[in-house]
Structure formats: C-alpha cells, structure tokens
C-alpha cells in the first residue's frame with residue numbers, strides 16, 4: 001500500500017497521545033487526503049501509518065507498522081521548497097501552547113531574505129488594504145453632520161395636508177411682508193411647501209427693499225424651517241422646489257448665480273448680476289452672510305446623506321450637484337462654478353486677512369467649508385466608479401488654484417493654502433505651487449506621480465539647489481519684479497519672493513530711456529521683440545531688453561515658443577550664452593508638442609548650443625521626450641557625439657549637486673520651505689501614513705512587518721498586487737523606514753539655515769526619520785494606530 005497521504009484512500013493513519021502527534025492541523029491535512037485518522041489504538045482498523053514525535057519503540061513498532069515524523073508530511077506537501085525555507089521552528093516539538101510564540105519565530109526568517117515569499121506579500125497586501133479601508137471609513141465619517149441631520153429629518157406623514165396660502169399672497173400684495181412671513185411660519189409642517197413664486201417675492205423684498213432686521217432674520221428662519229420639514233436628499237421633487245426658490249428673483253440664473261451674487265455683494269468691489277442697493281447696509285451684509293450659511297447647511301446635509309449610504313449616481317438628483325455641474329461637466333471637478341467658487345474664496349481670504357470685522361471672517365470660513373463640501377461631494381460620487389478620474393479632477397483644480405495664487409506674496413499665500421479644508425486638494429495645490437516655483441527658477445523636475453519618495457528626494461534636492469540661487473536681478477541690479485505687458489504663460493515672475501508688478505507708463509524718465517524701441521510690439525505670430533532678437537542673434541538688443549525691469553524671458557508666442565526655443569532653433573549662440581548667463585529663471589525644459597530647446601538645437605545640428613544647455617541643466621534635459629517619444633539622444637546618430645553630450649550632462653549634474661553652504665536668498669527659501677512643509681504634512685494626512693503625529697491607527701508596524709516592507713521590490717508590486725492604493729502605501733512606508741539615506745543627502749545650507757520655516761521642515765523630516773528607525777528596532781511608542 002502506498003504510504004503517501006494524498007493516496008491513502010484505503011489507509012488508516014493513527015496518532016497517539018504522548019507518543020503520537022495530535023495537533024488539529026495534521027489531522028485536517030490527513031483527512032484532506034481522504035485518510036481515516038484515529039487518535040487511539042484500534043483493532044477494528046488496519047493501521048498503515050503512524051505519525052509520531054517519539055522515536056522510542058512502542059506498540060506500533062512491535063506490529064512492524066512504519067512510523068513517520070511530522071516533517072515527513074511537510075516534505076511531501078512542499079517538496080524541495082520545504083528544505084529551502086530553513087525554518088527555525090521544530091515541527092517535531094510543536095504543541096498548541098507554544099503556537100503563538102513559534103509563529104513569531106517562524107516569521108523571523110524574513111530578516112535574512114531579500115525577497116519575501118508570496119504568502120507573506122499577500123498577507124501584507126491584505127493588511128494594508130484593510131487598513132486603508134478602515135481609514136477611509138473614518139475619513140468618510142468626518143464628512144457627516146449627525147447633529148444637524150437628525151434635526152433636519154422629519155417624520156413625513158402618509159398623506160400631506162393641504163394648506164391654503166391665498167391669505168399670505170394677499171398680505172404680500174398689500175406689502176405686509178413681516179405678517180406674511182409669520183403666516184408661513186405658522187403653516188409649515190412636514191410635507192408643506194409654500195408656493196415658489198410667493199417665496200421669490202419675499203426674497204426680492206429682502207434683497208432690494210428697506211427691510212427691517214427682524215424681517216431679514218424671519219426670512220432666513222423660514223428657509224431653515226422649509227428645509228427641516230422638506231429635506232432634499234432622496235426626494236427629486238423637493239430638490240426641484242429648492243432650485244426654484246433659491247435663485248435671484250430678477251435674473252433667474254439658478255442657485256449658483258444667487259450664491260455668487262451674494263458673495264460679490266459682500267466683496268463690495270465685485271460686479272453683480274444686476275444692480276443692488278449701494279452701498280449695502282450692515283443688515284444687508286448680515287443677510288447675505290446668513291444666506292451663505294444656509295446654502296452651506298443644505299450642502300452639508302446632502303453630503304451627509306451621500307456619505308451615509310446613497311448608491312452611486314443617486315446623489316446627482318441633489319441641489320448641490322445641480323448647482324455646480326451641468327450635464328456637460330459631470331465628469332470634471334473643475335466646472336465653471338467650482339472655478340469661480342475657488343476664485344471667490346481666495347478673494348475673500350485676502351479681504352479678511354487684514355480685517356477685524358467679524359462678518360468678513362465668518363464669510364471666509366463659510367466659503368472654505370463650502371468648497372470643502374463641494375469637492376468631497378464630487379469625490380464621493382465618482383470614487384466608487386473611477387478613482388483615477390477623481391485624482392485627475394483634484395489635480396486639475398489644484399493647478400487652477402495655483403495659477404490664481406501666482407501673484408500672491410508669501411504672507412498671503414500662507415493664508416490661502418490652509419484655507420483649503422480638503423487635505424487632498426491642499427496636497428495637490430501645494431505640489432502645483434512648488435513645481436511652479438522650481439520651474440520659475442529653471443529647475444526641471446521629474447514627472448512621476450506624487451509620492452513620499454518624490455518629496456524627500458526630488459523636491460528636497462531641488463530645495464538644496466535653490467539655496468545656491470541669487471535673488472532674481474536684472475542687468476541693472478534691480479529686483480526682477482515686473483513682467484512684460486504681454487500675455488504670458490510663464491510663471492517666472494509669479495512666485496513667492498518675486499511677485500510681478502505691472503510696468504506703468506508713469507515711471508521715471510530714465511526708466512523709459514532704457515526701454516528699446518518696439519519693446520511692447522507683438523506681431524501676428526505673438527512674437528515679442530525678445531523673440532525677434534533671439535532669432536536674429538542680436539545680442540546687444542537682447543541685453544538691452546534684459547536690462548528692463550521685469551522682462552519675462554520665458555514669454556511665449558501664440559504657438560508656445562519661447563525666446564530660448566528661437567535662439568536654439570536658429571543657432572543664435574551668443575543669445576543663448578547671454579540668456580544662460582543673465583537669466584537664472586530661464587526655463588530650459590519648456591516644451592511645445594514635446595519639443596524642448598535641446599531638441600531644437602540637435603534637430604538643427606547646433607551641437608555647441610546643446611552642450612551649453614546640458615552644462616547648465618544636466619541630465620534631466622536628456623530625459624525629456626517629444627510627442628514621438630524621442631529623447632534628445634535619439635536624434636543623435638554619432639556615438640562619439642552621444643558620449644560627448646553625456647559628459648556635458650555629467651558636468652551639469654556635478655554643478656547642480658555641488659554642496660551649498662549658505663542660503664543666498666533667505667526669504668525665497670523660507671517661502672519654498674513653508675510650501676514643502678504644507679505638502680509634506682498634507683501628504684501624510686491624506687495617504688494615511690502612520691507617524692508620531694497620529695497615535696490612533698489600526699496598523700501594527702512590528703519589526704517583522706517593517707523588515708518585510710524594506711525588502712519589497714517596488715517595481716514588482718504594481719504587477720503582483722491588485723490594489724494600487726496598497727502599492728502606494730507600501731512604497732511610502734518603505735520610504736519612511738529608509739528615510740535616513742535621503743536625509744543624509746540634504747544640502748548643508750538647509751541644515752545651517754536659521755529661517756523658522758526651513759528649520760521646521762528639516763525638523764519634520766528628522767522626526768519622521770527617527771520614527772522609522774524606531775519602528776525597525778521595535779522601540780516606537782506609536783506603532784499602533
């Protein structure tokens with residue numbers, strides 16, 4: 001009879017107490033092979049195998065029954081893999097009381113492995129997925145407002161009562177508006193909705209008439225009472241009703257038009273959809289603030305309902321969704337209304353920056369909450385269906401906000417970014433602003449997705465390079481704080497520390513004398529005098545242009561070409577040399593349909609210009625691809641020339657990586673450090689990375705788990721793991737545990753900098769590095785969340 005367990009259809013295995021093995025898992029394995037297992041000696045069955053841990057002679061041996069150890073079962077099941085595992089645990093001495101300790105010992109073999117086995121990776125993936133799910137549930141709970149929701153959720157009757165509002169209409173026609181509101185308040189109950197035209201007349205009186213404070217307060221109370229008795233969530237009829245009553249009584253442009261007009265009235269200097277009493281009274285300001293708070297309450301309640309169980313798609317029949325997205329904008333976060341809301345929020349924050357008026361501060365907080373609710377509502381709607389669409393939507397809105405903030409000085413920027421309540425939007429906005437800053441100083445950053453590794457390596461290295469940059473100066477020694485009076489997509493003069501100011505015609509006479517003839521002239525192709533000088537290699541004209549304060553060297557024509565593109569395309573060597581020498585904000589990586597200045601130089605055989613560009617920009621220039629996927633080196637057929645270009649790129653890399661011992665432009669570096677700190681903290685919060693700042697997380701990072709994370713191969717995770725969020729979290733945790741190698745590469749100038757914001761950013765990195773080291777050794781106090 002065959003002695004293999006999988007073939008024991010007629011065999012009878014037996015184990016005995018003491019001498020025979022009894023763990024349940026062995027019995028389950030034998031029974032899976034259709035073996036009959038007895039734990040006691042039996043004469044009714046023929047015993048063919050004895051599984052035992054005692055090698056001494058026993059009753060079975062006298063019967064000449066073959067004995068097998070527990071290891072025999074393992075070797076039969078796993079074959080040669082069993083011998084390669086090098087288990088530190090002894091299967092022969094296994095007992096249930098020690099099973100917990102031996103599981104830990106068995107896991108310790110991962111310390112000596114370069115790659116974890118598939119089972120360990122699957123367990124790690126499942127652990128991270130479960131952690132992400134729990135953290136997302138916690139985050140979702142923060143979007144709810146149960147204290148308000150219960151108040152605004154009535155018990156609707158089976159049959160709605162019929163209420164006659166003809167008396168109220170008569171009061172309105174006789175201009176007895178306060179009495180009309182009293183009648184409505186007395187008639188309201190679940191299911192009762194006053195006629196929409198009637199409420200529109202009452203709103204018109206509130207916005208345009210000489211209404212008393214009592215009437216304005218009663219009007220807001222009526223709106224809240226109607227909402228409390230007729231909630232919009234889950235009721236298309238109620239949604240349609242509120243969309244009818246919550247709009248401007250004159251222009252009938254919908255709820256967004258009314259909200260926009262209300263904010264613009266409070267901003268005073270902003271145009272509105274139609275003429276309103278000017279200047280607004282204090283009571284009217286309060287009415288608009290209360291109206292905005294009512295809109296926010298309505299949106300919060302609908303977000304609560306969506307976060308509490310609405311099925312995907314049903315939330316589109318809501319007031320919020322109908323307000324901010326039309327039928328052509330449903331798949332994008334950056335609708336016209338959302339863009340306008342972002343712009344109004346920034347203006348409101350700046351207005352409240354130096355204001356002591358309580359209502360201005362309150363309006364700023366209301367708009368912050370409104371934008372937060374709007375973007376999270378859209379994310380709730382699309383996340384279950386298309387997570388990548390949601391991330392793209394947040395990135396697009398962040399880029400829009402970054403453009404709106406490009407003219408703001410640092411002190412005001414510090415007010416705007418924290419005003420973005422959504423951690424995800426704040427994270428992408430800080431990222432976009434920092435990339436714009438680096439772009440404005442001529443740095444080329446890699447295009448890989450945002451991750452913790454990119455922040456602590458690429459962005460940190462860029463900050464060290466910026467420490468060596470002098471303040472932006474023109475040839476005459478004046479700070480470059482003015483841009484050419486032409487449309488420009490360049491961000492060179494729009495970053496903290498180099499705010500652009502328009503050149504005025506009322507400048508000094510000496511200033512006008514330095515402006516070259518044709519400086520403000522633009523031809524049909526959108527080319528400025530700077531473009532034309534670079535095309536013709538007119539270096540003297542170029543130097544005169546650069547001497548004008550605020551000249552934007554990265555200005556683009558209608559096709560997107562910059563002056564550097566033109567100089568490289570036409571072989572204007574002297575102009576390229578002058579631009580590289582006098583323009584620290586020169587953008588070497590600017591591309592039009594993928595064509596960079598380096599592409600232009602090599603396509604036209606201007607290798608001497610290509611070498612100059614590489615000595616300035618380094619190897620990142622060689623990684624730029626055009627629309628055909630070709631890098632600059634792909635355009636070079638000569639192997640010798642390729643090697644020469646690579647050597648020039650290495651020279652550029654050495655120059656960029658040269659350690660800088662001091663910060664040359666402290667206010668600028670302080671601004672950059674502050675933006676990076678915002679990005680760093682927002683990323684840790686949004687990606688649920690356990691840190692010393694978050695002491696309550698359902699993720700246990702034991703030394704064994706940390707060792708497994710360190711030995712993971714990031715390039716293999718994307719192909720072997722099914723959840724992209726788990727892949728990102730694993731890579732971020734791996735970065736935390738190996739943060740020491742990136743911290744050691746920090747520029748000495750940053751370590752020695754005495755600026756508060758820079759010291760804060762460095763301290764944040766040091767704290768996270770210390771936490772990662774403590775987790776590896778098992779000495780961290782924060783390894784449980």
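The values are calculated or read from the model by the stated rules, or taken from the named source; none is laboratory data. It should be emphasised that the depicted structure is a prediction, and the values quoted were computed from it without experimental measurement. Heads up, the Cβs are rebuilt from the backbone with ideal geometry, glycines too, and the neighbour counts pull from every protein chain shown.
General observations
- The residues listed here are 414, 392; of these, the one that is free of Cβ contacts under 8 Å to residues at least 12 places away in the same chain and either part of a helix (DSSP H, G or I) or under 24 Å from residue 436 (Cβ atoms) (or both) is 392.
- Close pairs (7 angstrom Cβ cut-off, 6 or more residues apart or separate chains): on the phi > 0 side of the Ramachandran plot and surrounded by fewer than 19 Cβ atoms within 10 Å (Cβ to Cβ) in the range 319-344, in a loop (DSSP other than H, G, I, E, B) and at pLDDT below 90 anywhere: none
- Helices (runs of 4 or more DSSP H) within the range 135-192 that include 1 or more residues under 22 Å from residue 206 (Cα atoms) and not assigned by TED's automatic domain parsing to the domain that holds residue 689: 166-173, 177-187
- Looking only at the range 439-458, and only at residues there that are buried (at least 21 other Cβ atoms within 10 Å of the Cβ) and closer than 19 Å to residue 758 by Cα, the one that is farthest from the chain's Cα centre (by Cα): 441
- Odd one out for residue 242 among (1) in a helix (DSSP H, G or I); (2) at pLDDT below 90; (3) within 43 Å of the chain's Cα centre (by Cα): (2)
- Applying the set (1) within 30 Å of residue 464 (Cα to Cα); (2) part of a helix (DSSP H, G or I) to residue 548 leaves exactly one unmet item: (2).
- Selection status of residue 513, over 26 Å from residue 665 (Cβ atoms), at pLDDT below 85, assigned to a helix (DSSP H, G or I) and out of contact with any helix residue (DSSP H, G or I) (no Cβ under 6 Å at 6 or more places or on another chain): yes
- Checking 301, 333 one by one, the residue that is assigned to a helix (DSSP H, G or I) and either over 24 Å from residue 239 (Cβ atoms) or at pLDDT below 95 (or both) is 301 and no other.
- Among the residues of the range 228-247, the ones that are surrounded by 19 or more Cβ atoms within 10 Å (Cβ to Cβ) and within 25 Å of residue 173 (Cα to Cα) come to 5 in all.
- In the set (1) buried (at least 20 other Cβ atoms within 10 Å of the Cβ); (2) modelled with pLDDT of 90 or more, the condition left unmet by residue 306 is number (2).
- Helices (runs of 4 or more DSSP H) lying entirely in the range 696-785 (those with 2 or more residues that are within 22 Å of the chain's Cα centre (by Cα) and closer than 30 Å to residue 139 by Cα): 714-720, 724-737, 756-777
- Residue list for the range 539-554, restricted to those being farther than 12 Å from residue 577 by Cα and touching a helix residue (DSSP H, G or I) at 6+ places or on another chain (Cβ under 9 Å): 540, 541, 544, 545, 546, 547, 548, 549, 551, 552, 553, 554
- Residue check for residue 646: touching a helix residue (DSSP H, G or I) at 6+ places or on another chain (Cβ under 6 Å) and assigned to a helix (DSSP H, G or I): no
- Flag: residue 608 matches the condition of being modelled with pLDDT of 90 or more and either surrounded by fewer than 19 Cβ atoms within 10 Å (Cβ to Cβ) or not in a helix (DSSP H, G or I) (or both).
- Members of the range 411-435 found to be touching a strand residue (DSSP E or B) at 6+ places or on another chain (Cβ under 9 Å) and surrounded by fewer than 20 Cβ atoms within 10 Å (Cβ to Cβ), listed by number: none
- Flag for residue 160 being touching a residue at least 12 places away in the same chain (Cβ under 8 Å), closer than 30 Å to residue 307 by Cβ and over 45 Å from the mean Cα position of the chain (by Cα): yes
- Options 518, 550: the member that is surrounded by fewer than 23 Cβ atoms within 10 Å (Cβ to Cβ), over 21 Å from residue 603 (Cβ atoms) and in contact (Cβ under 8 Å) with a residue 24 or more places away in the chain: 550
- Per-region count, the range 555-592, residues within 17 Å of residue 471 (Cα to Cα), in contact with a helix residue (DSSP H, G or I) (Cβ under 9 Å, 6 or more places away or on another chain) and in a loop (DSSP other than H, G, I, E, B): 4
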